[in-house]
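The values are calculated or read from the model by the stated rules, or taken from the named source; none is laboratory data. Everything numeric here is computed off the predicted structure, so don't read it as measured data. Methodologically, a virtual Cβ is constructed for each residue, glycine included, from the backbone with ideal geometry; neighbour enumeration extends over all protein chains shown.
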Amino acid sequence: MIKELAQKDSKRSKFSRSRPPPAERRARIVASSPSYDKGGLAFAPYAVDARWGDEWQRGDVVGCVYKDSGNLYVKLGDEFYPVSILLGEGGEKVSGVCEAAPQPKA
């Protein structure tokens, strides 16, 4: 995802009024153990930090990645969308993803 965001930024016009691209990005997994959604699928929350100048902004992009499928989702407001929305490819909000549900005890 970070490489794709950098490629998208490189194609942006230098005369754009949107926020300038960061000098650097780094991704990190936020939780040490996976969470499970209502369907029992394992996911892990992630955050992408961005650096402009000397300061890092933690959590510039947040979302989750599903362990088995590798599907990435990004949180915009209170909703989750496929990461393709950040790359300008569109996408509809997806309900029920990245929401931890209590797991039955075995």
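General remarks:
- Among the residues of region 81-92, some residue qualifies, meaning at least one is crowded, with 16+ Cβ neighbours inside 10 Å, under 12 Å from the mean Cα position of the chain (by Cα), modelled with pLDDT of 90 or more and part of a strand (DSSP E or B).
- Where TYR73 falls short, out of the listed (1) in a loop (DSSP other than H, G, I, E, B); (2) surrounded by 14 or more Cβ atoms within 10 Å (Cβ to Cβ): (1)
- Any hit, region 42-55, residues being modelled with pLDDT of 90 or more, under 12 Å from the mean Cα position of the chain (by Cα) and surrounded by fewer than 14 Cβ atoms within 10 Å (Cβ to Cβ): no
- Tally of residues being in contact with a helix residue (DSSP H, G or I) (Cβ under 8 Å, 6 or more places away or on another chain) and aromatic (Phe, Trp, Tyr) across region 19-78: 1
- Residues of region 58-105 classified as under 27 Å from SER18 (Cβ atoms) and not β-branched (Val, Ile, Thr), total: 26
- Being part of a loop (DSSP other than H, G, I, E, B) and surrounded by fewer than 14 Cβ atoms within 10 Å (Cβ to Cβ) is true of GLY96.
- Residue tally, condition of a type outside the set (Lys, Arg), exposed (fewer than 14 other Cβ atoms within 10 Å of the Cβ), outside any loop (DSSP other than H, G, I, E, B) and modelled with pLDDT of 85 or more, over region 1-41: 3
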